[in-house]
Amino acid sequence: MDDAWIGELAASAWLVPVLFALVVGDAFLVVLPSETAVVALAALSATTGSPSLIAIVPVAAVGAAVGDGLCYLIGRRVGLDRWKWQRTSRIGAAITRVRAAVHRRTAVLVFTARYVPFARIAVNLAAGAGRVPLRKYLPLSIAAGIAWAGFNVAIGAIVGELLSDSPLVAIAISVPVAIVLGLVVDRVVAGLDARRASRPAGSAGTEPGPLTPPSDRR
């Protein structure tokens, strides 16, 4: 029992540009629901045919890489101690946890941070401030953005296909499914990495644990 407005919304030309802005902005403002937007638009695409999935994936991936890159550049330029929120907020706590390991575990942190609030900005700031080489950081950021976009689009599209006659229901179901599966991915990656990190003698105390509580995902 969907209203006609959902089809008009899906066909709106501004949806994809807004998605790009949300994903970029989420690198700095964790309250922006970029993940929710990607999943919802993928479900909408599967149920109504618009916007195109071919557009959603690259726009979300490029937005993620651009946002991460800007955050990296800020960290490289201003460091990790200039502003009070870098030392005292939840972002500050996340920065403390990752700054010592950003060189040793760059790939794991960049990929995992995409699914954890506050961790994305902390990891990217720490990578920039720690002078992680751009030739190492940039390919990881791009790959993480593509994986994140593909993961969320796939979930939205699959649920949308299963509920092709009910766009709003598909959106309502696909978003929490994506959140739960994202948490599973995060926990599995963190668990495997913790096991790997505990093997060298004396190294366990220097490795950060989970970046933020899973209850903060959106």
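At-a-glance table
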item: Any hit, the stretch 60-73, residues being modelled with pLDDT under 85 and over 30 Å from Ala13 (Cα atoms); result: no
item: Pro139 being without any contact (Cβ under 8 Å) to a residue 40 or more places away in the chain and not small (Gly, Ala, Ser); result: yes
item: Contacts under 9 angstrom Cβ, first residue in the stretch 65-79 being within 14 Å of Lys136 (Cβ to Cβ) and in contact (Cβ under 8 Å) with a residue 12 or more places away in the chain, partner buried (at least 16 other Cβ atoms within 10 Å of the Cβ) and of a type in the set (Lys, Arg), 6 or more apart; result: Asp68/Arg114; Asp68/Arg120
item: Every pair of residues 6+ apart whose Cβ atoms lie under 8 Å, when the first sits in the stretch 11-39 and is in a helix (DSSP H, G or I) while the second is basic (Lys, Arg); result: Glu35/Arg217; Glu35/Arg218; Thr36/Arg218
item: Any hit, the stretch 19-33, residues being modelled with pLDDT under 90 and closer than 18 Å to Ile155 by Cα; result: yes
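Let's see how each residue does on (1) of a type outside the set (A, V, I, L, M, F, W, C); (2) crowded, with 17+ Cβ neighbours inside 10 Å; (3) at pLDDT 90 or above:
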residue	(1), (2), (3)
Arg104	yes, no, no
Tyr115	yes, yes, no
Ala122	no, yes, no
Tyr137	yes, yes, yes
Ala144	no, yes, yes
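The values are calculated or read from the model by the stated rules, or taken from the named source; none is laboratory data. Predicted model only: the values in this text are computed from it and were never measured. Note: ideal-geometry Cβ built from the backbone for every residue, glycine included; neighbour counts use all protein chains shown.
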